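Here's the structure, in C-alpha cells; my notes come after.
Throughout, read-outs are computed from the coordinates displayed, never taken from laboratory work. Keep in mind it's a predicted model, so treat the numbers as computed, not measured. So basically every Cβ, Gly included, is an ideal-geometry build from the backbone, and we count neighbours across all protein chains shown.
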Amino acid sequence: MIVMLTQDLSKGFAPWKEMYLENKNQLNSLGGKLIFAGPHKDDNNKMMVLMEFDSPESMKAFAGHEELRAKRAAAGAILESNVVTVMGDESFTE
C-alpha cells in the first residue's frame, strides 16, 4: 500500500532528511519503504513523502513507534500537522 504524507517542519528539510538517513533501516524493518521525500520549492518548512508499506499493520507499527516519533519531532517534524492519505489500490511504482 502506498501512502502520501504531508507535514510542516520547524527546522527546514535538511534535519529531517538526516534523521531519515540515520533511521531508514528501522523503517524498513517495520515493513516501510521511502519512495520519495522533498520540501516544497517555495517553502522549506513544508514537505511531502510517499511511502510504501507491506500492509496496513506495517503502517500502524510505523505510526505508533514512539522512538521514531520522538526522532522525527527532534528533527523538526510538527507531528500534529501530518496529513496521511492512503492511495488507491491501482497505484503503482516503477
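Below are the figures for this structure:
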read-out	value
Sorted by Cβ density within 10 Å, fewest first, the residues His40, His65	His40, His65
For Ala77, residues with placed amide H under 5 Å, excluding near neighbours	Ser10
Rg [Å, one decimal], Dmax [Å, integer] - the chain, C-alpha atoms	12.6, 35
Residues whose placed amide H lies under 5 Å from that of Lys46, excluding near-sequence neighbours	Leu9, His40
Partner lysines for Lys11 [C-alpha distance under 24 Å; skip if fewer than 8 residues away on the same chain]	Lys24, Lys33, Lys41, Lys46, Lys71
FRET efficiency, 1/(1 + (r/R0)^6) with R0 41 Å, evaluated for Phe92 and Glu18 via beta carbons	0.85
